[in-house]
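Accompanying notes for the structure given below.
The values are calculated or read from the model by the stated rules, or taken from the named source; none is laboratory data. The model shown is predicted, which means the values in this text are computed figures rather than measured ones. Cβ atoms come from the backbone with ideal geometry, glycine included; neighbour counts cover every protein chain shown. Heavy atoms of the whole protein, side chains included, go into the accessibility calculation; ligands, DNA and RNA do not. Shrake-Rupley method; radii C 1.70, N 1.55, O 1.52, S 1.80 Å.
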Amino acid sequence: MSPRAGQLLIVSLSPLRSDPRVLKQINLFRDKYDVVTCGFGAAPDGVSRHFEIESGLPSWPRDPKRLLQRQYRQVYWNIAAVAEAYRLLRGQRFDAVLANDANTLPLAMSLDAVHGVHADLHEFAPKEHYNKPAWRILVAPYVRWVCRTFLPQARSVTTVSDGIAEQYGRDFGVAATVVTNAAPYAEKVPRPTGRPIRLIYSSAGQRYRRIEDIISAMDAASGELELDLIVMPNEPAYVDELRRQAEPLPNVRFREPVPYDQLVDTVSEYDVSISVIPPTNFNLANALPNKFFEAVQARTAVIIGPSPAMQALVERHRLGAVTEGFSAAALRKVLQELTPEQVDGWKQNAHRAAQELSSEYQNRGWERAVDALFAAPAQMTR
């Protein structure tokens, strides 16, 4: 790796070695720039330096008094993970910064990078936990302050879907471009569909995702269908409920989570990936998730709900079926009409779309933005 192209700091208040989006950024830039990282956990592979934030430190505010008083600058700099990151990075000099998520923006701007900051926003931050009343009342106004104050200072902005990009434009006047959560291109060919048709559903184990509806859709399924679920134990009590719900169903099984780099191989064992995501909050309504793109690289068909971002790609590339709604009944109706011949056609379409829907193609948006940073004149420091 040659440092002559410049030093790029990639900062995220997340465990970098298990954050798929950040890992894609590191892999994209590590051969072109001298990549330095800052985040939770050990150094990711291929970086020149790493500033490790102690795992477990809060990365969002826990200061209700100051939040109520709208003392937002004090709130931000007293967040434990932010304070630790600033201690580690203070006095360092970077040519450019790639800041992940709104909670890194003030930190990134404080570093006075020579060519400025690119902001990559993984969600629409002001509505990230909008279904929680305390968050909506206390934290959402603070996040809007962060975005209103610091997003216009970024030289470029990307986010994950068109709907979220449009919302950032309406609310904060920034022109965000889209870099999807696409998976790396995989050299695979579609596997012929047999009987029973094998279905896979993978998700974080969070109640607002209504995974119980996915299981309920299999209640009356014939022996022509089998469903496996990979559910992360985010909410252990909820995941236990799901396992109990599935126990009477002989064609529904749970399997253990697998590492991110094994997901595409795991999904490729199946015929259809289910990605029905109820719009229980703004970000889920505009979701274009990792698992959608992993299914394409695995050369499986997909069944989705009528989520606009996913529906546009499914219909453009004819990758699978779109349910009429997000209910168990709507999914059950689609499942009952599946045939191996139909699924084989969708798999072939996924094969044809795999290059365009790969991270190598999609991540060009990051490459253009960061290259433009380095090509721009040095900015004035404070």
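Convex hull of alpha carbon positions in the stretch 262-382: directionally averaged projected area 10.4 nm².
Computed on the stretch 6-69, with alpha-carbon pairs under 8 angstrom and 6+ residues apart, the relative contact order is 30 percent. For the chain, the longest principal axis of the Cα atoms and the long axis of helix 140-150 meet at an angle of about 50 degrees.
Legend: distances between Cα atoms for Lys127/Lys291; Lys188/Lys291; Lys32/Lys347; Lys24/Lys65; Lys24/Lys132; Lys132/Lys291; pairs beyond 28 Å are Lys32/Lys347; Lys24/Lys65; Lys24/Lys132. Highest mobility in the GNM of the chain, judged by mean-square fluctuation with C-alpha springs under 10 Å and restricted to Ser222, Ser161, Ser268, is found for Ser222. When only alpha carbons are used to place a centre, the stretch 223-296 and the stretch 73-94 end up 37 Å from one another.
Qualifying GluC sites (Glu not before Pro) in the stretch 222-324, where qualification requires a DSSP coil assignment and no more than 13 other C-beta atoms within 10 Å, comprise Glu269, Glu324.
Using a simple spin-label model with pseudo-atoms 7 Å out from Cα toward Cβ, Ala220 and Arg170 lie 3.8 nm apart.
Kindly provide log₁₀ I(q)/I(0) values, in the same order as q = 0.23 Å⁻¹, from the Debye equation applied to equal alpha-carbon scatterers of the stretch 21-127. Debye output, listed in q order: -1.48.
From the largest down, the stretch 89-241 spans 61, 43, 31 angstrom on the principal axes of its Cα atoms. Any chance you could tell me what percent of the C-alpha pair distances in the stretch 215-323 go past 16 Å? Result: 64 percent of Cα pairs exceed 16 Å.
Segment Thr280..Tyr86, full-extension length gain: 66.3 nm, with 0.36 nm per residue of separation and the alpha-carbon distance subtracted.
GNM on the chain, alpha-carbon springs under 10 angstrom: the most fluctuating residue among Ala182, Ala350, Ala134 is Ala134. Size descriptors for the stretch 265-332 (Cα atoms only): Rg and Dmax, in that order, 11.4, 32 Å. Between Pro126, Pro340, Pro236, the residue with the greatest mean-square fluctuation in the GNM of the chain (Cα pairs under 10 Å linked by springs) is Pro236. Helix 364-375 versus the longest principal axis of the chain: what is the Cα-based angle in degrees, 0 to 90, to the nearest 10? Approximately 10 degrees, to the nearest ten.
Principal-axis analysis of the Cα atoms of the chain puts helix 236-246 at an angle of about 10° to the longest axis.
Here the extension length gained between Tyr361 and Ala329 equals 7.9 nm, from 0.36 nm per residue of separation less the Cα-Cα distance.
Taking all protein chains in place and a 1.4 Å probe, what share, in percent, of the accessible surface of the stretch 1-109 do carbon and sulfur account for? Each step should come with its number before you reach the end.
Numbers: 2180 of 4830 Å².
With neighbouring chains kept in place, the figure for the stretch 1-109 is 45 percent.
With kT/(6 pi eta Rh) evaluated at 37 °C and eta = 0.692 mPa s, and Rh the Kirkwood radius from Cα pairs, the stretch 332-382 diffuses with a coefficient of 220 µm²/s according to Stokes-Einstein.
Compared with the alpha-carbon gap, the fully stretched path from Gln336 to Trp135 is longer by 68.3 nm at 0.36 nm per residue. Taken over the C-alpha atoms, the chain has Rg and Dmax values of 21.7, 67 angstrom. Annotation: amide H of Val35 within the under-5 Å range of Leu8, Ser48, sequence separation 5 or more or interchain, hydrogens built in the peptide plane.
Carbon and sulfur atoms: what percent of the 1.4 Å accessible area of the stretch 183-230 do they account for? The partial results should precede the final answer.
Values: 990 of 2020 Å².
Answer for the stretch 183-230: carbon and sulfur cover 49 percent of the accessible area.
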